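Since the structure comes first, as C-alpha cells, the remarks are kept for the end.
The values are calculated or read from the model by the stated rules, or taken from the named source; none is laboratory data. Given the structure is predicted, the values throughout are model-derived calculations rather than measurements. Cβ atoms come from the backbone with ideal geometry, glycine included; neighbour counts cover every protein chain shown. Areas reflect the complete protein model, heavy atoms only, side chains present, ligands, DNA and RNA absent. Shrake-Rupley method; radii C 1.70, N 1.55, O 1.52, S 1.80 Å.
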Amino acid sequence: MNLDKKPIIYFFRYLCLALALALILFVLSQAVFTGRTLIYNLDFSQSLSRDIVGWYPESRVAQVSNSTNSTLNILAEPIYLKIYSPVDFKTLTISGQLHKNDQGANLGLRQKDASWFFQSIVSDDFRLDFDLSNAQIKRNQLEIILSIPDLNDDSNISLVNNWIITLSR
Amino acid sequence: MNTFGIIINDFFKTAFVTWLLLVIFELLNPGMVQRFINLEYYFYLLILIFILAQKLKK
C-alpha cells in the first residue's frame with residue numbers, strides 16, 4: 001500500500017517546492033531593475049496599488065467620473081502620495097493636468113531632513129522635475145505632497161487622471 | 001499518518017520556510033515583498049495549515 005502512495009507524496013512534495021521556488025524567484029525578479037527610466041501612469045481611481053500609495057488621506061479627495069474622463073476633486077489639503085522606488089534614481093519628473101482656477105498649488109518632495117522641497121504648479125498643464133539627491137527614501141518609497149494653501153469650501157480644484165511619474169538615472 | 005496528512009505536513013514545511021525567506025527579503029529591502037504578498041495574511045494561513053497538519057497527525 002505504501003509503495004502505491006509514495007509517487008503521489010513525492011509529486012506533491014516537489015510541486016510545493018517548485019511553487020515556492022517560483023514565488024521566491026518572482027519576488028526577486030521584480031526587485032531587480034536595470035533600466036534607466038521607470039514610468040508610472042497614475043490611476044487615481046485606486047488609492048492603493050503595487051507601486052503607488054495615495055492620494056491620502058482618502059477623506060480629502062473625491063473621485064469623479066464621467067463619460068470622457070475621470071478627475072479627483074480635492075476637498076481638503078494637503079494630500080500625500082508615496083511612490084515605490086526599487087533602486088536609487090537621480091531625478092523625479094511629475095507631469096499631468098489639474099484644474100486649479102488660478103489658485104496656488106505646490107508639489108513637494110520629502111527631503112532627508114524631513115522638510116519639504118516645494119515647486120509651484122504654475123499652469124494647469126505642468127511638468128516638474130525634482131532632484132532626488134536629498135530626497136528621503138523610507139522603505140524604498142518617495143513621499144510627495146500636494147499643497148493648496150488657499151483652498152476653501154468654494155474652491156473647485158481637481159486633478160485629471162493622466163498624471164505620469166518618471167524616475168530616471 | 002495517512003497520505004493526505006503527509007502532503008499537508010510537507011506543504012506546511014515548504015510554506016513556512018518560504019515565509020521565513022520572504023520575511024528576510026522584506027527586512028533587507030523593505031517593500032520588496034509586501035507589494036505582492038501580504039506577509040501577515042500569509043502567516044495567518046500558515047497557522048491554519050499547521051493546525052490542520054496537527055489534527056491529521058492524530
Net length gained if the chain between A:S59 and A:S95 were fully extended (0.36 nm per residue, minus Cα distance): 10.6 nm
Listing of region B:34-52 residues, each with accessible area lower by at least 20 Å² in the full protein assembly than in the chain alone (probe 1.4 Å): B:R35, B:F36, B:I37
Of all accessible heavy-atom area on the protein assembly as shown, the percent that carbon and sulfur account for (1.4 Å): 58
Along each principal axis, Cα extent of region B:3-57, largest first, Å: 38, 15, 13
For A:V61, distant residues with modelled amide H under 5 Å away: A:L75
Distance in nm between pseudo-label sites at B:L48 and A:L75 (7 Å out along the Cβ direction from Cα): 3.4
Karplus 3J(HN,Hα) series, Hz, for region A:82-93 with 6.51 cos²θ - 1.76 cosθ + 1.60 (x for Gly, Pro): 10, 10, 6, 10, x, 9, 7, 10, 9, 9, 10, 10
Folded to 0 to 90 degrees: helix A:2-31 orientation relative to chain A principal axis, Cα: 30
Interface burial for A against B (accessible surface, 1.4 Å probe, total of both chains, Å², rounded to 100): 1900
Modelled FRET efficiency - R0 41 Å, A:K6 with B:E40, Cβ distances, 0.05 increments: 0.70
Two-decimal log10 I(q)/I(0) for the protein assembly as shown, as the Debye equation yields it once each C-alpha is a single scatterer, q = 0.09 Å⁻¹: -0.53
Within straight-line cross-link reach of B:K13, lysines at Cα separation under 29 Å, skipping those fewer than 8 residues along the same chain: A:K5, A:K6, B:K55, B:K57, B:K58
Relative contact order, percent, region B:3-57 [alpha-carbon distance under 8 Å, six or more residues apart]: 51
Å² per residue, accessible surface of region B:3-57 at 1.4 Å: 58
Approximate spin-label separation A:S133-A:I164, in nm, with each point projected 7 Å along Cα-to-Cβ: 2.7
At least 10 Å² of accessible area lost relative to the chain alone, listed for region A:111-152 with a 1.4 Å probe: A:R139, A:N140
Label-point separation in nm, A:D102 to A:W116, each point 7 Å along Cα→Cβ: 2.4
Where chain A is the region considered: accessible area per residue in Å², 1.4 Å probe: 57
Value of [θ]222 nm, deg cm²/dmol, for the protein assembly as shown, DSSP H segments ≥ 4, -39500 (n - 2.57) each, nearest 500: -11500 deg cm²/dmol
Base-10 log of normalised Debye intensity for region A:35-168 (one unit scatterer per alpha-carbon) at q = 0.22 Å⁻¹: -1.52
Gaussian network model of chain A, Cα within-10 Å springs - most flexible of A:S29, A:S95, A:S45: A:S29
Residue with peak Gaussian network fluctuation, chain A [Cα springs, cutoff 10 Å], from A:Q97, A:Q136, A:Q30: A:Q30
GNM result for chain A, Cα springs below 10 Å: residue of A:D150, A:D51, A:D129 fluctuating most strongly: A:D150
Selection from A:I137, A:I148, A:L109 lying farthest towards where the dipole of the protein assembly as shown points positive, charges on Cβ: A:I137
